[in-house]
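To start, the structure itself, in structure tokens.
The values are calculated or read from the model by the stated rules, or taken from the named source; none is laboratory data. It should be emphasised that the depicted structure is a prediction, and the values quoted were computed from it without experimental measurement. Heads up, the Cβs are rebuilt from the backbone with ideal geometry, glycines too, and the neighbour counts pull from every protein chain shown. The accessibility values were calculated without ligands, DNA or RNA, using every heavy atom of the protein model including side chains. Shrake-Rupley method; radii C 1.70, N 1.55, O 1.52, S 1.80 Å.
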Amino acid sequence: MTPVIAARGLTKTFGDLTAVDGIDFEVPAGESFGLLGPNGAGKSTTMRMVGAVSSRTAGDLRVLGLDPDAHGPEIRSQLGVVPQEDNLDPELKVRENLIVYGRYFGIPKAVCAKRADELLAFAQLEDKARNKVDDLSGGMKRRLTIARALINEPRILMLDEPTTGLDPQARHVLWDRLFRLKERGTTLVLTTHYMDEAEQLCDRLVVVDHGRIMAEGSPSQLIRQYASREVAELRFGSDRNADAAARLEGLAERIEVLPDRVLLYTDDGEALLERVTDLGLHPTTSLVRRSSLEDVFLRLTGRSLIE
Amino acid sequence: MTTTTAPAPVRRGGGVRALYAGNARAILMRSLTATKSSNWAVVLSGFFEPVFYLVAMGYGLGSFVGDLTLPTGETVSYAAFIAPGLLAVSAMNGAVYDSTWNVFFKLHFGKLYQAQLTTSIGPLDVALGEISYALLRGGVYALGFLTVMQVMGLNLAWSAVAAVPAVLLVAFGFASVGMAVTSYLKTFQQMDWVTFVMLPMFLFSATFYPLSVYPEPIQWLIKAMPLWHGVELVRGLTLGVLDPSMYVHVAYYVVMVVVGLTFTTTRLRALFLD
């Protein structure tokens with residue numbers, strides 16, 4: 001089956017700045033695909049090129065089998081876009097936002113109205129149908145933006161940082177909605193700098209940094225490949241972390257020293273903690289957890305994802 | 001560097017399809033819905049502004065000024081002289097307000113055009129849709145004001161009927177250029193320049209007295225400005241003074257429409273479809 005998105009050597013430069021530096025990826029239909037990386041990694045620029053609102057500088061790109069530089073409107077008519085910043089229409093009521101947006105695609109009004117009601121139910125906003133957009137909370141606005149992106153029954157739903165700026169509860173509600181879409185077989189493409197989000201929602205992802213792809217795979221594959229099963233996080237106090245790390249050399253598969261803590265990568269965290277104590281080292285706090293994409297990113301770039 | 005190996009028959013640079021989806025009515029419908037939901041009171045208030053001017057200046061000031069003699073030798077009341085001028089001004093004000101402040105807000109704060117252009121809508125749809133709304137609004141004002149003029153006995157000729165399309169043309173010209181200018185502005189301070197240009201044009205474009213009061217160089221300056229053409233066109237029609245110079249006035253606005261639409265479309269594409 002042909003992939004719905006295929007990029008080869010995809011590049012975008014703005015003057016001297018290379019925002020996207022020759023990336024290759026493919027997204028098959030029905031997959032939930034993520035671009036994970038810190039701010040400024042080139043994720044949003046990539047999304048804009050796939051969304052056919054920004055032309056590429058070099059490389060090849062096919063979205064739904066078409067070249068976005070030549071077939072912008074055809075491609076855009078089959079995409080649902082959730083931008084990083086909400087751009088709902090503040091002069092319209094909640095339900096009107098959906099109907100009017102549907103009309104932009106040339107969808108008949110009666111069809112828009114019917115879909116609007118279904119989508120309001122999906123977004124759990126039925127009570128707010130007649131409210132102004134400004135009356136909604138951040139999480140509600142985000143859900144409305146997602147509902148709006150679904151009004152044209154898109155073949156691909158693109159979400160740029162879908163839960164940035166939301167409180168934990170609102171994030172979970174949103175994840176639940178997105179997970180339902182995924183279960184229905186909607187192709188999702190999302191960017192995020194949250195590892196937990198990527199682990200929750202993505203079947204497969206690429207780790208992006210400085211416009212390049214650093215690694216690619218499912219969340220569990222990446223963790224297996226670039227991190228150990230478990231991580232022990234030890235804190236000895238800001239001044240003493242480096243000294244302690246030197247004495248811990250050889251104890252773990254890999255050691256990362258961060259300003260506030262030391263990370264020890266191992267398959268058995270508890271056993272490692274015992275050996276630390278045996279060495280006569282007494283961290284002020286210690287914690288054993290499963291490895292996450294954060295660790296993958298640290299391994300790949302030497303930096304944490306969120307500074 | 002090779003950009004693509006496959007044949008690309010319609011690059012965005014030249015493809016008309018990327019500019020226009022033939023769906024400007026969706027943009028117009030959006031504005032009508034917004035008016036219904038948000039700002040119908042503001043829109044309604046626009047009707048009264050020229051009516052107030054007409055009463056205050058035409059009757060208040062007019063009782064001191066007395067009647068005027070036109071170049072044709074005909075004598076008309078002061079109110080009948082300024083009413084068509086006010087009609088043209090209201091067309092200008094309505095069109096400019098919609099295409100500058102409203103557009104500026106949607107561009108920079110509402111992010112409306114950004115959202116619209118991620119759909120299959122093209123920049124020319126946006127420009128035409130927004131301007132159509134300004135025209136519709138201007139047309140309703142014009143009809144209302146012409147009715148007031150008719151009731152007050154200020155329409156002196158049958159050709160006053162043609163003032164409606166004339167006013168729409170004036171509004172179309174101003175709205176196109178207004179939207180084009182606004183799409184290049186970035187700050188509120190720059191927006192103040194719009195007012196700075198509009199007010200003197202309103203006061204000095206032969207709205208309240210004939211152009212002949214000015215020395216000749218000033219007359220030429222006024223004649224270069226768009227509003228004078230609108231005032232003369234509408235006044236000729238309501239007073240029944242028809243002459244070939246009206247074609248020049250019409251042509252002036254046709255040029256404004258074409259130039260304005262071209263710049264607006266180009267700019268929107270550069271801003272949102274880079």
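A few comments on the model shown:
- Matching residues in segment B:83-104 - criterion: being surrounded by fewer than 24 Cβ atoms within 10 Å (Cβ to Cβ) and modelled with pLDDT of 90 or more: B:Phe104
- Of all residues assigned to segment A:196-211, at least one qualifies as being over 30 Å from A:Leu144 (Cα atoms) and either within 15 Å of the chain's Cα centre (by Cα) or outside the structural domain of A:Val63 (by TED's automatic domain parsing) (or both).
Residues checked against (1) more than 24 Å from A:Met140 (Cα to Cα); (2) small (Gly, Ala, Ser):
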site: A:Ile5; (1), (2): yes, no
site: A:Asp16; (1), (2): yes, no
site: A:Glu26; (1), (2): yes, no
site: A:Lys43; (1), (2): yes, no
site: A:Ser54; (1), (2): yes, yes
site: A:Arg62; (1), (2): yes, no
site: A:Ile75; (1), (2): yes, no
site: A:Asn97; (1), (2): no, no
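- Residues that are over 21 Å from B:Asn155 (Cα atoms) and open to solvent by 40 Å² or more (accessible area, probe 1.4 Å) number at least 1 in the following helices (runs of 4 or more DSSP H) confined to segment B:177-257: B:188-204, B:216-224.
- Per the conditions (1) without any contact (Cβ under 8 Å) to a residue 24 or more places away in the chain; (2) within 30 Å of B:Asp67 (Cβ to Cβ), the sole criterion not satisfied by B:Leu87 is (1).
- Failed item in (1) more than 10 Å from every other protein chain (Cβ to nearest Cβ); (2) open to solvent by less than 40 Å² (accessible area, probe 1.4 Å), with A:Ala110 passing the rest: (2)
- A:Phe122 being of a type outside the set (Ser, Thr, Tyr), over 17 Å from the mean Cα position of the chain (by Cα) and open to solvent by 10 Å² or more (accessible area, probe 1.4 Å): yes
- Lone unmet requirement of (1) open to solvent by 10 Å² or more (accessible area, probe 1.4 Å); (2) under 15 Å from B:Gly178 (Cα atoms) for B:Gly129: (1)
- Residue check, A:Arg48 closer than 18 Å to A:Leu157 by Cβ, facing chain B (nearest Cβ under 7 Å) and either under 23 Å from the mean Cα position of the chain (by Cα) or of a type in the set (A, V, I, L, M, F, W, C) (or both): no
- Scanning segment A:63-75 for residues that are of a type in the set (A, V, I, L, M, F, W, C), in contact (Cβ under 8 Å) with a residue 60 or more places away in the chain and crowded, with 24+ Cβ neighbours inside 10 Å turns up at least one hit.
- For segment A:129-175, a tally of residues being without any contact (Cβ under 8 Å) to a residue 40 or more places away in the chain, open to solvent by less than 20 Å² (accessible area, probe 1.4 Å), under 13 Å from A:Glu85 (Cα atoms) and not hydroxyl-bearing (Ser, Thr, Tyr) returns 1.
- Conditions (1) within 13 Å of the chain's Cα centre (by Cα); (2) in contact (Cβ under 8 Å) with a residue 12 or more places away in the chain; number of the one not met by B:Val148: (1)
- A:Ala113 in contact with a strand residue (DSSP E or B) (Cβ under 7 Å, 6 or more places away or on another chain) and small (Gly, Ala, Ser): no
- Inclusion of A:Leu287 among residues that are at pLDDT 90 or above, touching a strand residue (DSSP E or B) at 6+ places or on another chain (Cβ under 8 Å) and of a type in the set (A, V, I, L, M, F, W, C) is warranted.
- Test: A:Leu79 is open to solvent by 10 Å² or more (accessible area, probe 1.4 Å), within 21 Å of B:Ile121 (Cα to Cα) and touching a strand residue (DSSP E or B) at 6+ places or on another chain (Cβ under 8 Å): no
- Residues satisfying the stated conditions in segment A:60-84, i.e. at the interface with chain B (Cβ under 7 Å from one of its Cβ atoms) and closer than 30 Å to A:Tyr194 by Cβ: A:Arg76, A:Val81
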